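Student: Dropping a structure here in structure tokens format, bear with me for questions.
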């Protein structure tokens, strides 16, 4: 027998105030499903405080305990979670629900507006776009000497409705409510599905920044005490299970923790048969995962084990890279967000960056987003030129620390 569409994802509200909401997913299994589900939960601004995963290789049962925003649109979250679950069929072959395995590329739209600049402007606009489920792929912000700002956002619509007049008008109205009387012009136009929103940038990131900042950033952060190497422990065991490799992880909790683990396994094409995330005192987490390779075998090769362990440690110590550097006489904030092999990056990064800068009362002179290959991986790099005015009053290390804590959910 198949299961009904409404039973694929069940969301149970808290029994009492302060308790987490329980999300249950019951559907056919696929490699990377956990990553896709965690990414959507993260996009909705929720944190997973506990999790259980169980699968027989064909069917999976996943439970997430989540906390977060009071204004979460649970019905919309359910729809998005169902959308990434594999197709489900009854014994008679009648489809109860079906998710396209290869959806067509989303149309890309250009949102452009001109207005008077003010502190927190970019964050306020980003917050509106995120609430409207509009995904920002590229942004180009520039400020003129007379205090005007021209913003260009290349966006896609998760609801696939921005081509309609109502959706376009509603979006413009929401933005106008934020911009108020500072707005000069605003427009949204179709660019098309073939616009390369994820194209490689040729001259966006100077080589010296790539080599001297991002490749050496981990030991710098460890030395300054922002992170410590003993915050992460990854061990593997092939003796406990006859069919699986057991991966045990102890680490400090952070925003998107389970997503960072799941996307690592997804990129390595590794299947998770059983898993549990349990909270521990002092903000620590313990994760036990029984995994196998795509061929259904354990990971017995020591080189593969070392590679996976090293990658997990890096992802959990530093899921994103943050640096504040000099760009000639100016100050530039750089944030690098790793991109999954599927082409997706961590959601809401620009939201967190702009919120941190707004809280520091720092204006943004210009902002750009581009894709780069750094080392053997693709990264989504956010390049923010800070408006120093008569001089930047906040020390650079404080900016870096504030942005980092916001991204990690420690703010």
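Student: Can you name the residue in segment 355-371 that is touching a strand residue (DSSP E or B) at 6+ places or on another chain (Cβ under 7 Å) and within 13 Å of residue 406 (Cβ to Cβ) and is also surrounded by the fewest Cβ atoms within 10 Å (Cβ to Cβ) among such residues?
Tutor: By that ranking, first place goes to 362.
Student: Something else now. The conditions are (1) loosely packed, with under 14 Cβ neighbours inside 10 Å; (2) within 30 Å of residue 173 (Cα to Cα); (3) modelled with pLDDT under 90, and residue 76 fails exactly one of them. Which is it?
Tutor: All conditions are met except number (3).
Student: Something else about it: What is the one condition in (1) surrounded by fewer than 15 Cβ atoms within 10 Å (Cβ to Cβ); (2) at pLDDT below 95; (3) over 25 Å from the mean Cα position of the chain (by Cα) that residue 241 does not satisfy?
Tutor: The one condition residue 241 does not meet is (1).
Student: From the set of residues in segment 16-42 that are out of contact with any helix residue (DSSP H, G or I) (no Cβ under 8 Å at 6 or more places or on another chain) and not in a loop (DSSP other than H, G, I, E, B), which is farthest from residue 65 (Cα to Cα)?
Tutor: 28
Student: On to the next question. Go through the residues of segment 57-70 one by one and say whether even a single one is in the same structural domain as residue 266 (by TED's automatic domain parsing), modelled with pLDDT under 90, more than 25 Å from residue 18 (Cα to Cα) and out of contact with any helix residue (DSSP H, G or I) (no Cβ under 8 Å at 6 or more places or on another chain).
Tutor: Yes, segment 57-70 contains at least one residue that is in the same structural domain as residue 266 (by TED's automatic domain parsing), modelled with pLDDT under 90, more than 25 Å from residue 18 (Cα to Cα) and out of contact with any helix residue (DSSP H, G or I) (no Cβ under 8 Å at 6 or more places or on another chain).
Student: Could you go through segment 4-13 and let me know if any residue there is in the same structural domain as residue 280 (by TED's automatic domain parsing), within 16 Å of residue 266 (Cβ to Cβ) and assigned to a loop (DSSP other than H, G, I, E, B).
Tutor: Scanning segment 4-13 turns up no residue that is in the same structural domain as residue 280 (by TED's automatic domain parsing), within 16 Å of residue 266 (Cβ to Cβ) and assigned to a loop (DSSP other than H, G, I, E, B).
Student: Tally time: how many residues in segment 115-139 are surrounded by 16 or more Cβ atoms within 10 Å (Cβ to Cβ), touching a strand residue (DSSP E or B) at 6+ places or on another chain (Cβ under 6 Å) and touching a residue at least 60 places away in the same chain (Cβ under 8 Å)?
Tutor: So the answer is 8.
Student: Suppose we filter 172, 178, 184 for residues that are outside the structural domain of residue 339 (by TED's automatic domain parsing), within 21 Å of residue 126 (Cβ to Cβ), in contact with a helix residue (DSSP H, G or I) (Cβ under 6 Å, 6 or more places away or on another chain) and modelled with pLDDT of 50 or more; which single one remains?
Tutor: 178
For every residue, the table says whether it meets (1) outside the structural domain of residue 407 (by TED's automatic domain parsing); (2) free of Cβ contacts under 8 Å to residues at least 40 places away in the same chain.
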| site | (1), (2) |
| --- | --- |
| 236 | yes, no |
| 251 | yes, no |
| 285 | yes, yes |
| 288 | yes, no |
| 294 | yes, no |
| 299 | yes, no |
| 304 | yes, yes |
| 336 | no, no |
| 344 | no, no |
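Student: Scan (1) assigned to a strand (DSSP E or B); (2) at pLDDT 85 or above for the single condition residue 96 breaks and write down its number.
Tutor: Unmet condition: (2).
Student: Can you tell me which of 275, 343 is exposed (fewer than 14 other Cβ atoms within 10 Å of the Cβ) and under 30 Å from residue 28 (Cβ atoms)?
Tutor: Going through 275, 343 in turn, the sole match is 343.
Student: In segment 128-142, how many are part of a helix (DSSP H, G or I) and over 21 Å from residue 79 (Cα atoms)?
Tutor: Number of matching residues: 0.
Student: Test residue 374 against the stated conditions and say whether it is buried (at least 16 other Cβ atoms within 10 Å of the Cβ), touching a helix residue (DSSP H, G or I) at 6+ places or on another chain (Cβ under 9 Å), over 30 Å from residue 235 (Cα atoms) and touching a residue at least 40 places away in the same chain (Cβ under 8 Å).
Tutor: Taking the combined requirement at face value, the residue does not satisfy it.
The values are calculated or read from the model by the stated rules, or taken from the named source; none is laboratory data. Quick caveat: nothing in here was measured; it's all calculated off a predicted structure. Here the Cβ is made from the backbone with ideal geometry for all residues, glycine too, and neighbour counts use every protein chain on show.
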